[in-house]
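Report on the structure given below.
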Amino acid sequence: MAGTRRRAALTRFRRRYARQRAGLYGAAILLVVVLAALLTPLLTDPSGMDVTKATGARMAPPSMDFPLGTDESGRSVLLMLLWGARVSLLIGFMSALLSMVIGTVFGIAAGHFRGWVAAVLMRVTDWFLVLPALVLAMVLAAILGGGPSTIIVAIGVTSWASTARLIRAQTLAVEARPYIERSRALGAGHWHVMTRHVLPNVAPLVLANTTLMVASAIVTESTLAFLGAGSGQVSWGTMLRGSYDWGAATSGAWWYVLPPGLCIIAVVLAFTLCGRALETVLNPRLGGAS
Amino acid sequence: MLTSPQQVRDDTEEGGARRAMARYALVKLGGTLLSIGLVIVATFFLFRLIPGDPTIAYTRDVPVTPEQLALLRRQMGLDRPLGAQFLDFVVRTLRLDLGTSYEYRRPVAELIGERVGPTLLLVGTGLAVAVGLGMWQGTRAAWHHGGRFDRLSTGTALTLWSVPTFWLGLLLLMVLAAGVGPIPGLFPTRGMEDVDAPGGPLYLLHVAHHLVLPCLTLVAVVYAQYLLVMRSSLLEEIGQDYVTTARAKGLRDDDVRRRHAVPNALLPTVTLVFMQIGFVVGGAVSVEFVYSWPGLGLLFVEAIRGPDYAVMQGTFMLVCVAVIVMNTLADVVYHVLDPRVRSA
Amino acid sequence: MTLLELRDLAVTYRSAAGDVPAVRGVSLGLEAGEALGVAGESGSGKSTLAMSLLRLLPRGASVSGEILLDGEDVLTMSWGRLRAVRWASASLVFQGAQHALNPVRRIGDQIAEPLRVHGMATGAEARRRVAELLEQVGLPAWRARGYPHELSGGQRQRVMIAMALACSPRLIVADEPTTALDVMIQAQVLSLIRSLIAEHGIGLVMISHDLSVLASTCDRLAVMYAGRVVESGPSREVFAGGRHPYSRALAEAFPTVGDPASRIAPRGLGGDPPDPAHLPAGCSFHPRCPVSLVSCASEPVELRAVGDGTGAPHTAACVHVSEESR
C-alpha cells in the first residue's frame, strides 16, 4: 500500500520537475558531465597525466592530437580535464554530504531543544556563519595536510552553518504543528520526534539544499586548489593554478585557461538550476517568489 | 518655567530609552568580546594540531646544531606545559605581539601593518561599488518586476555567482591586461604600483589604474548577493498595504519608491552587507593572489606555500576578529535604523 | 450633482490561469454627506470595488465602465489629474491599519504627507493641522512624534481616519475599518466616523461583511454577491426586511445582542461563495438559495424595484421580487 503511494508521489514529482525548464537543462548538463567522469577510466589512459611521460609540445595550442592543446609539461589539457572532473565532482559531492549531515544535525537539534542547549547551538552556528569560510578552510587544509579526504573535511566543516539555519527554521515550523504536540503528550521522546516526525518533513528541503551545496563546494574546492591548498591530485583548480604559474593568461594560452573554468561554471550552474528547481517543486510556497 | 506633565512624561521616556540603549550596548559588547575570545582560543588549539616540530620548519634552510635547536625550543616556549603556552599566547596576542614570520624573519604584526592598507583599499572600493551597483539594480529589478531588466539582471547576477572569483580574474587578465590578438592590454598585469611610479598626485591615478581590474573582479562576483537581497526585500515591501496607502495619497511613483518602499527594504539589506563580509574577504584573497595585489590576502596565500604558520596564525586571527566586529556593527546599525527594534 | 456615480463598473483580473471577473457590472450612486454601506462575503468583489475607485488596482486588472467623481470620470483621467484627485477629493481608510501605516516613519510625518504632496501646508502649518486632526479623532497631539507600533489597534485606526481627513476630502472610502478590532473599540471608532462625516458633510462608502455594523452607520446599503449588487436600498429596509435571500441570510448570520432567539439558534448560510473563475449559470446565488426556482439555474435576474415606488428607491435582484410588487 505504502509502496504504491510512494510510486505515485514519485511520478507526481517527476512530472512537476519536468515542468521546470531550467531544472531540465541543469539535469541534462549533469548527466553528460557525470557520464563523462564515470567513463573516463574506460576511455582514456591515465598515464598521459604523468609529467615524465608527456609527449606533446609545451603550451601548444589545440591540434589534431591534442584537441584542447597542452600544458606547460606537454600533457593533454583534455585528458587532464576529464580526470580532473572526477576529482572535482567527488570532492564536491562528498563535502556537500558532510556539510549536510553536520548542518542537519545542528539544525534539527537547535530547532527541537529549548533553553540553553538551543542557545549554545545557535551561537556556534552563528559563529561559523560569520567567519570567512575560505580562510578557515585554507587553514584547516594546511594544518591537516593535503589529500582528498582532508579537503573534504575542510570544506564540509566550514559550510554547514547556512544549512543548519535553514533546517532549524523548518524544524520550528514542523514542531509547531498540532500532531507533534499530541505525539509528545503520548510520551514520544526526543529521538522519536526528531527522527520519525521532523526528519521526514525536512528531508525534501535538505535534498534541495544539498544540491545547491554541491555547487558551492565545487567552487570552494577549485579555489582551494588554485590557491595552493589542494588535494594533491589533478583537478580543475590545480590546472588553473598551473596555467597561472606558467603565465598562460598573460601569454595568451587560452586553451589552458578557458576550458577548466568553463567546466566549473557549467557544472556549478547545472547544480544551481537543479537545486532551485527542486526547491520550487518540493516547496510550492516558494514557487511564485522567484 | 514649570515642567508640564507632558514634559515629565517625555523626560522619563527619553531616560528609559537611553538606559535601554546602554544596556543593549553592554550586552552586545559582551557578546563580541566572548566571540573574539573564542577565536583566540580556537586559533591556539587549531595551530597546535600541526604535526611536526615548528623549530625544524623555522630552521629549514639553515644548518643548526642540536644545542641551537634546543635553545630555539626554549626561546619559542615549546618546552613548557600546554597551559603555560596558552596563557603566554593569550597575553602576547592581547599585546599585539603575533610572533615572528619564518619566511621573512620579521614580526608578523609589522608585516600585517604593511599589508593592511592595500587590502582595505581594495575591499573598501570593491564593497562600495558592489553594494551601490547591487542595490540600485535590485531596486530597479523589483520595481519593474517581471520585466526585461528584472530577468536580465537577475540572470546575469546568478551566472556570475557561479563563476569562481579567481578564474574571472584570470580571464580579465587575459583579455584586458595582456590583450587579445591585435588589441593591446589596457591595464597592468600585477601589483599595486610599478617600479617607475610617478610621485605626487599622479601617483594616485597610477594606483587607481592598477586598482581597476582587481576591483572589477571582486565586484563582479560579490554584487550578486546585494542585488538579490535588495530585490527580494523590496518585492516584499511593495506588497504591503502602506505602499498602497502612499499611492492613494497621490504620491508619484518615484516618491512612493524612494520615501516608503526602499527605506523599509534597506533594513535587511544593510544588515546583510555587514554579515557577508566573510564572503567578501574570501573573494579578496583570490583577487589579491591573481593580481599580486600586495595585501593581507596575498600574504596569507604565500604563507600557505611555506608553510609559514606564524603569518597564517596572525592573519587568520585578524580576519576573524574583523569579521566578528563587523557582525556586531550589523546588529547595532539595525538597532539604530529600525524604530520598532529600538524601543523593544 | 451626485458626488460619486458608478456606471456599469466591471473589473477583471488577468492571470496566467485565465481571466477572473471580480466585479461584474456595478452601478451605484452617492450624494455628498451620504453614507453608503457595501456588504458581502470575501470574494464578493467589494474590496476590488473600493480599490478601483482611485485606480489602485494591480497592473493585471482591467477596468471598464465609468467612475464619476463630481462628474469627472476617474478611469479616463490623466495621470497628473488622478494624482491630484487622490486623497484631496477622495481618501481611503484600510482594514487592518497594522500594515497600512509605514512602520519606520513617524505618525505626524505620515499624516502631514498628503498635505505636502497636494501643496496645502508645510512646516509649522502642517504640524498645526496634524495636531488638529489628531485631536479630532480623540488622540493627544504628542502622538505625532511616535511610531505606529507604539499604538494599539484602535489607536492606529484613529490615525488612519485622521490621515484620511487631512486634505478635507469630499469622499472617504473605508474598507473594513473595524474588522480587526474588538467590539468596544469597534463601537467607538464607528461613532467617531459617524460624527466626523456628519460634521464635515463628507460622503462615505463603507465596506464590511458585517451587515449590522453597516446598518447602524450608513444611510443606504448595497449587498454584493459574486461581483454584482444583489440588493440596494435604505439601510433599515435592507437590513430588517431584505428582499434578496442572500441579504436576509447575511442579516441573520450575526447574532443580535439582546435577542435570546439568535443566541440559541444563530442562522447561517451553508456552502461557500462561488469561485469567481467558475461562476454558476443563471443567478449566481442559486446553489445556496433556500427559495430558488428551477428557472434560477438558467436565467440570471437583474435588479428590480421593490415596493410601490414611493420613498427611497429599493431594488433587489431576485425572481421573487417582481411577483410580490405586482
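The values are calculated or read from the model by the stated rules, or taken from the named source; none is laboratory data. These figures come from a predicted structure and were not determined experimentally. Positions of Cβ are backbone-derived with ideal geometry, glycine not excepted, and every protein chain shown enters the neighbour counts. Ligands, DNA and RNA are stripped out before the accessible areas are found, and what is left, the full protein with its side chains, is counted by its heavy atoms. Shrake-Rupley method; radii C 1.70, N 1.55, O 1.52, S 1.80 Å.
Test of understanding: among C:ALA16, C:ALA61, which residue is at pLDDT 85 or above and over 16 Å from the mean Cα position of the chain (by Cα)?
Working: C:ALA16 fails: at pLDDT 85 or above.
Checking each option against the conditions leaves just C:ALA61.
For residues that are out of contact with any Leu (no Cβ under 8 Å at 6 or more places or on another chain) and open to solvent by less than 30 Å² (accessible area, probe 1.4 Å), scanning just region B:231-249, find the one that is farthest from the other protein chains (Cβ to nearest Cβ). So that I can check it myself, show each step before the final result.
Residues of region B:231-249 that are out of contact with any Leu (no Cβ under 8 Å at 6 or more places or on another chain), as a first pass: B:231-232, B:234-241, B:243, B:246, B:249.
Now drop any that are not open to solvent by less than 30 Å² (accessible area, probe 1.4 Å), which leaves B:231, B:234, B:243, B:246, B:249.
Working: B:ARG231: 10, B:LEU234: 13, B:VAL243: 9, B:ALA246: 7, B:LYS249: 4 Å.
Filtering region B:231-249 for residues that are out of contact with any Leu (no Cβ under 8 Å at 6 or more places or on another chain) and open to solvent by less than 30 Å² (accessible area, probe 1.4 Å), the one farthest from the other protein chains (Cβ to nearest Cβ) comes out as B:LEU234.
Please work out if B:MET135 is in contact with a helix residue (DSSP H, G or I) (Cβ under 6 Å, 6 or more places away or on another chain) and either aromatic (Phe, Trp, Tyr) or more than 11 Å from chain A (Cβ to nearest Cβ) (or both).
Values: in contact with a helix residue (DSSP H, G or I) (Cβ under 6 Å, 6 or more places away or on another chain): yes; either aromatic (Phe, Trp, Tyr) or more than 11 Å from chain A (Cβ to nearest Cβ) (or both): yes.
It is true that B:MET135 is in contact with a helix residue (DSSP H, G or I) (Cβ under 6 Å, 6 or more places away or on another chain) and either aromatic (Phe, Trp, Tyr) or more than 11 Å from chain A (Cβ to nearest Cβ) (or both).
Going through B:GLY155, B:GLY169, B:GLY146 one at a time, which residue ends up being within 11 Å of another protein chain (Cβ to nearest Cβ) and on the phi > 0 side of the Ramachandran plot? Write out each step before concluding.
On the way: B:GLY155 fails: on the phi > 0 side of the Ramachandran plot; B:GLY169 fails: on the phi > 0 side of the Ramachandran plot.
Going through B:GLY155, B:GLY169, B:GLY146 in turn, the sole match is B:GLY146.
Would you check which residues across region B:284-295 are under 12 Å from the mean Cα position of the chain (by Cα) and either surrounded by fewer than 23 Cβ atoms within 10 Å (Cβ to Cβ) or more than 8 Å from every other protein chain (Cβ to nearest Cβ) (or both) and list them?
B:ALA284
Having 3 or more residues that are touching a Phe, Trp or Tyr at 6+ places or on another chain (Cβ under 8 Å) and closer than 26 Å to C:ARG106 by Cβ is the bar; report the helices (runs of 4 or more DSSP H) wholly within region B:225-335 that clear it.
Answer list for region B:225-335: B:241-248, B:262-275.
Out of curiosity, is A:VAL219 under 30 Å from B:GLU302 (Cα atoms), of a type in the set (A, V, I, L, M), within 14 Å of chain B (Cβ to nearest Cβ) and surrounded by 22 or more Cβ atoms within 10 Å (Cβ to Cβ)?
Details: under 30 Å from B:GLU302 (Cα atoms): yes; of a type in the set (A, V, I, L, M): yes; within 14 Å of chain B (Cβ to nearest Cβ): yes; surrounded by 22 or more Cβ atoms within 10 Å (Cβ to Cβ): yes.
Taking the combined requirement at face value, the residue satisfies it.
With within 14 Å of chain B (Cβ to nearest Cβ), open to solvent by less than 30 Å² (accessible area, probe 1.4 Å) and of a type outside the set (Phe, Trp, Tyr) as the only criterion, which of C:ALA88, C:ALA141 stands out?
On the way: C:ALA141 fails: open to solvent by less than 30 Å² (accessible area, probe 1.4 Å).
The match here is C:ALA88.
Anything in region A:108-155 that is of a type in the set (D, E, K, R) and within 13 Å of chain B (Cβ to nearest Cβ)? List them, or say none.
Here is the first cut: in region A:108-155, the residues of a type in the set (D, E, K, R) are A:114, A:123, A:126.
Correct list: A:ARG123, A:ASP126.
Can you name the residue in region C:35-50 that is polar (S, T, N, Q) and modelled with pLDDT of 85 or more and is also farthest from C:GLN95 (Cα to Cα) among such residues?
Let us first name the residues in region C:35-50 that are polar (S, T, N, Q), namely C:42, C:44, C:47-48.
With modelled with pLDDT of 85 or more added as a condition, the list becomes C:47-48.
On the way: C:SER47: 10, C:THR48: 13 Å.
Top of the filtered list is C:THR48.
Only one of (1) surrounded by fewer than 23 Cβ atoms within 10 Å (Cβ to Cβ); (2) of a type outside the set (S, T, N, Q); (3) within 13 Å of chain B (Cβ to nearest Cβ); (4) more than 26 Å from the chain's Cα centre (by Cα) is not met by A:ARG241, so which one is it?
So the condition that A:ARG241 fails would be (4).
Of the numbered conditions (1) surrounded by 19 or more Cβ atoms within 10 Å (Cβ to Cβ); (2) closer than 14 Å to C:LEU4 by Cα; (3) modelled with pLDDT under 90, C:ALA32 satisfies every one except a single condition; which is it?
Going through the list (1) surrounded by 19 or more Cβ atoms within 10 Å (Cβ to Cβ); (2) closer than 14 Å to C:LEU4 by Cα; (3) modelled with pLDDT under 90, C:ALA32 breaks only (1).
Name every residue in region C:231-254 that is open to solvent by less than 60 Å² (accessible area, probe 1.4 Å), in a helix (DSSP H, G or I) and without any contact (Cβ under 8 Å) to a residue 60 or more places away in the chain, in order of residue number.
Taking region C:231-254 as the starting set, the residues that turn out to be open to solvent by less than 60 Å² (accessible area, probe 1.4 Å) are C:231-235, C:238, C:241-242, C:244-247, C:249-251, C:253.
Those left that are additionally in a helix (DSSP H, G or I): C:235, C:238, C:245-247, C:249-251, C:253.
Within region C:231-254, C:TYR246, C:ALA249, C:ALA251, C:ALA253 qualify.
From C:SER27, C:SER44, grab the single residue that is open to solvent by less than 10 Å² (accessible area, probe 1.4 Å) and touching a residue at least 40 places away in the same chain (Cβ under 8 Å). Quick ask: steps written out before the conclusion?
Values: C:SER27 fails: open to solvent by less than 10 Å² (accessible area, probe 1.4 Å).
Testing whether each residue is open to solvent by less than 10 Å² (accessible area, probe 1.4 Å) and touching a residue at least 40 places away in the same chain (Cβ under 8 Å) leaves just C:SER44.
Going through region B:325-339 one residue at a time, which ones are open to solvent by less than 10 Å² (accessible area, probe 1.4 Å) and facing another protein chain (nearest Cβ under 8 Å)? Talk me through it step by step, then tell me what you get.
The first filter runs over region B:325-339 and keeps only residues open to solvent by less than 10 Å² (accessible area, probe 1.4 Å), leaving B:330, B:338-339.
Those that are open to solvent by less than 10 Å² (accessible area, probe 1.4 Å) and facing another protein chain (nearest Cβ under 8 Å): B:ASP338, B:PRO339.
Residue-wise test of (1) out of contact with any Leu (no Cβ under 9 Å at 6 or more places or on another chain); (2) open to solvent by less than 60 Å² (accessible area, probe 1.4 Å).
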| position | (1), (2) |
| --- | --- |
| C:GLY154 | no, yes |
| C:MET160 | no, yes |
| C:CYS167 | no, yes |
| C:GLN186 | yes, yes |
| C:HIS200 | no, no |
| C:GLY203 | no, yes |
| C:VAL213 | no, yes |
| C:ARG220 | no, yes |
| C:VAL223 | no, yes |
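Taking region A:222-238 on its own, how many of its residues are more than 8 Å from chain B (Cβ to nearest Cβ), β-branched (Val, Ile, Thr) and assigned to a helix (DSSP H, G or I)?
1
Here are some conditions: (1) open to solvent by less than 50 Å² (accessible area, probe 1.4 Å); (2) modelled with pLDDT of 90 or more. C:GLU66 meets all but one. Which one does it not meet?
For C:GLU66, the failing item is (1).
Hey, could you check region B:138-177 for residues that are closer than 22 Å to B:GLY239 by Cβ and open to solvent by 30 Å² or more (accessible area, probe 1.4 Å) and say which is modelled with the lowest pLDDT?
Looking at residues that are closer than 22 Å to B:GLY239 by Cβ and open to solvent by 30 Å² or more (accessible area, probe 1.4 Å), I get B:GLY146.
Evaluate the following for C:ARG116: is it open to solvent by 10 Å² or more (accessible area, probe 1.4 Å), facing chain B (nearest Cβ under 9 Å) and not β-branched (Val, Ile, Thr)?
no
Mind listing whichever residues of region B:289-329 are free of Cβ contacts under 8 Å to residues at least 60 places away in the same chain and of a type in the set (Gly, Ala, Ser)?
Once the filter is applied, which keeps residues that are free of Cβ contacts under 8 Å to residues at least 60 places away in the same chain and of a type in the set (Gly, Ala, Ser), region B:289-329 yields only B:ALA322.
Counting only residues that are open to solvent by 80 Å² or more (accessible area, probe 1.4 Å), farther than 17 Å from A:ARG114 by Cβ and within 32 Å of the chain's Cα centre (by Cα), how many does region A:178-215 have?
Count: 2.
Between residues in region A:2-16 that are assigned to a helix (DSSP H, G or I) and residues that are open to solvent by less than 100 Å² (accessible area, probe 1.4 Å), which pairs lie under 6 Å by C-beta distance while being six or more apart or on different chains?
Hits for this filter: A:ARG16/A:VAL281.
Being under 24 Å from A:TRP236 (Cα atoms) and modelled with pLDDT under 85: is that true of A:THR4 here? Steps first, answer last, please.
On the way: under 24 Å from A:TRP236 (Cα atoms): no; modelled with pLDDT under 85: yes.
Here the answer is no, as A:THR4 does not meet what is asked.
Which condition number does B:PHE316 fail, the rest of (1) closer than 21 Å to B:THR32 by Cα; (2) open to solvent by 20 Å² or more (accessible area, probe 1.4 Å) being met?
It is condition (2) that B:PHE316 fails.
If you check A:THR250 against the conditions, is it polar (S, T, N, Q) and either assigned to a loop (DSSP other than H, G, I, E, B) or surrounded by fewer than 24 Cβ atoms within 10 Å (Cβ to Cβ) (or both)? Quick ask: steps written out before the conclusion?
Values: polar (S, T, N, Q): yes; either assigned to a loop (DSSP other than H, G, I, E, B) or surrounded by fewer than 24 Cβ atoms within 10 Å (Cβ to Cβ) (or both): yes.
So A:THR250 passes the test.
Against the condition of a type in the set (A, V, I, L, M), surrounded by 22 or more Cβ atoms within 10 Å (Cβ to Cβ), more than 10 Å from chain A (Cβ to nearest Cβ) and within 21 Å of B:VAL219 (Cα to Cα), how does B:VAL311 come out, does it pass?
Details: of a type in the set (A, V, I, L, M): yes; surrounded by 22 or more Cβ atoms within 10 Å (Cβ to Cβ): yes; more than 10 Å from chain A (Cβ to nearest Cβ): yes; within 21 Å of B:VAL219 (Cα to Cα): no.
No: the conditions fail for B:VAL311.
Considering region A:227-266 alone, what residues qualify as being more than 22 Å from A:ASP50 (Cβ to Cβ), small (Gly, Ala, Ser) and without any contact (Cβ under 8 Å) to a residue 40 or more places away in the chain?
Matches in region A:227-266: A:GLY247, A:ALA249, A:GLY252, A:GLY261.
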